[in-house]
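Right, one structure below, let's go through it.
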Amino acid sequence: MRGCSDFYRQTTGRSVTMGDKGSAATAGVGAVVLNVIVHGKTRKIKLEKVLHVPTIGFNLMSVGMMEERGAEVSFKGGNTIIKISYNVAACGTRKSGLYHLDMAALSDIAAVASLQHWHERLGHVNVTGVKRMIKNKDIDGLECSSMAVNDVCEPCMNEKAAMTPMPRAGGIRVTKRLQLVHSDLGGPMSEPSRGGGLYFGTFTDDFSRWTDVVFPQKKSDLLSE
């Protein structure tokens with residue numbers, strides 16, 4: 001089942017048997033939060049241990065599994081009612097031979113997620129900014145299940161790191177070769193050099209401006225060139 005999913009983990013070696021006795025592989029399992037309409041009002045229900053089957057084009061719910069988990073499902077007059085602990089949890093209507101849950105439009109809802117997930121979903125925006133949006137209710141449906149965030153966010157470190165400006169020289173030039181050598185390292189490159197190097201390093205003599213370029217295979221090889 002696909003939809004507004006959260007707490008998702010990948011699975012391997014598991015499949016679902018279809019009505020034609022064929023099988024479809026599952027890609028993961030997680031929790032799904034649905035906005036259903038009951039008696040004209042919108043409410044949230046959370047389904048646990050929901051299987052993600054990418055090859056199935058519909059979201060399907062098993063009546064048998066719902067009964068195993070304590071739900072009561074009834075069908076009458078083209079309508080279905082799902083009760084949990086004698087309370088109506090969701091309703092549905094029969095359309096084209098299948099029963100469809102009465103749900104709010106997906107464009108108006110979003111899955112409840114942790115602050116870390118919202119940070120990632122919103123393109124790694126500043127965590128303080130996400131907290132402010134949640135507090136001020138700037139975005140409809142932006143609900144947070146946990147305020148915990150990772151101590152280190154690798155994408156933020158890789159993409160937002162700023163280079164410290166190089167200090168300007170004090171105006172004193174060197175007086176002989178190799179008294180001062182500037183070096184830089186770049187890579188890894190998407191295509192290796194003819195010698196198999198994935199990096200390039202430069203050495204520039206400050207006095208003569210002579211520059212040498214090397215192509216090491218690893219960063220650690222730079223000083224051995």
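The values are calculated or read from the model by the stated rules, or taken from the named source; none is laboratory data. Keep in mind it's a predicted model, so treat the numbers as computed, not measured. Heads up, the Cβs are rebuilt from the backbone with ideal geometry, glycines too, and the neighbour counts pull from every protein chain shown.
Report, by residue number, each residue of the stretch 204-220 that is of a type in the set (Asp, Glu) and in contact (Cβ under 8 Å) with a residue 12 or more places away in the chain.
Asp205, Asp206
Looking at the stretch 197-211 only, could you name the residues that are over 11 Å from Val181 (Cα atoms) and in a strand (DSSP E or B)?
Phe200, Gly201
Determine the pairs where a residue that is more than 30 Å from Gly141 (Cβ to Cβ), located within the stretch 17-37, has a partner that is in a loop (DSSP other than H, G, I, E, B) and of a type in the set (S, T, N, Q) with Cβ atoms under 7 Å apart, the partner being 6 or more residues away or on another chain.
Close Cβ pairs satisfying both conditions: Ala24/Thr55.
So Asn150 ticks every box in (1) under 30 Å from Val112 (Cβ atoms); (2) surrounded by 14 or more Cβ atoms within 10 Å (Cβ to Cβ) but one. Which box is left unticked?
(2)
Quick test for you: out of Thr175, Thr211, pick the one residue that is in contact with a strand residue (DSSP E or B) (Cβ under 6 Å, 6 or more places away or on another chain) and not assigned by TED's automatic domain parsing to the domain that holds Arg43.
Thr211
From the residues in the stretch 69-101 that are outside any strand (DSSP E or B) and at pLDDT 90 or above, which one is surrounded by the fewest Cβ atoms within 10 Å (Cβ to Cβ)?
By that ranking, first place goes to Gly77.
Of the residues Gly129, Gly186, Gly201, only one is of a type outside the set (S, T, N, Q), touching a residue at least 24 places away in the same chain (Cβ under 8 Å) and outside the structural domain of Val33 (by TED's automatic domain parsing); which?
Answer to the check: Gly201.
Does His119 meet the test of being assigned to a helix (DSSP H, G or I), under 14 Å from the mean Cα position of the chain (by Cα) and not basic (Lys, Arg)?
So His119 passes the test.
Is it the case that the stretch 7-26 has a residue that's under 18 Å from the mean Cα position of the chain (by Cα) and modelled with pLDDT of 85 or more?
No - not one qualifying residue is present in the stretch 7-26.
Pick from the stretch 189-201 the residues that are of a type outside the set (S, T, N, Q) and exposed (fewer than 12 other Cβ atoms within 10 Å of the Cβ): which of them is nearest to Met163 (Cα to Cα)?
Glu191
Does Cys144 fit the bill of being in contact with a strand residue (DSSP E or B) (Cβ under 9 Å, 6 or more places away or on another chain), under 30 Å from Val112 (Cα atoms), surrounded by 10 or more Cβ atoms within 10 Å (Cβ to Cβ) and not aromatic (Phe, Trp, Tyr)?
The answer is yes for Cys144.
Among the residues of the stretch 156-168, is there at least one that is within 28 Å of the chain's Cα centre (by Cα), part of a helix (DSSP H, G or I) and surrounded by 12 or more Cβ atoms within 10 Å (Cβ to Cβ)?
Yes, because at least one residue in the stretch 156-168 is within 28 Å of the chain's Cα centre (by Cα), part of a helix (DSSP H, G or I) and surrounded by 12 or more Cβ atoms within 10 Å (Cβ to Cβ).
Kindly evaluate Lys137 against the criterion of being within 24 Å of the chain's Cα centre (by Cα), of a type outside the set (Phe, Trp, Tyr), modelled with pLDDT of 85 or more and closer than 30 Å to Arg43 by Cα.
So Lys137 does not fit the description; no.
If I filter the stretch 1-10 for residues that are in a strand (DSSP E or B), without any contact (Cβ under 8 Å) to a residue 12 or more places away in the chain and over 25 Å from Gly141 (Cα atoms), do I get at least one hit?
no
So which residues in the stretch 70-97 are among the aliphatic types (A, V, I, L, M) and free of Cβ contacts under 8 Å to residues at least 40 places away in the same chain?
Ala71, Val73, Ile81, Ile82, Ile84 - these are the residues of the stretch 70-97 that are among the aliphatic types (A, V, I, L, M) and free of Cβ contacts under 8 Å to residues at least 40 places away in the same chain.
For the list (1) under 35 Å from the mean Cα position of the chain (by Cα); (2) closer than 20 Å to Met163 by Cβ, I need the number of the one condition that Thr204 fails.
All conditions are met except number (1).
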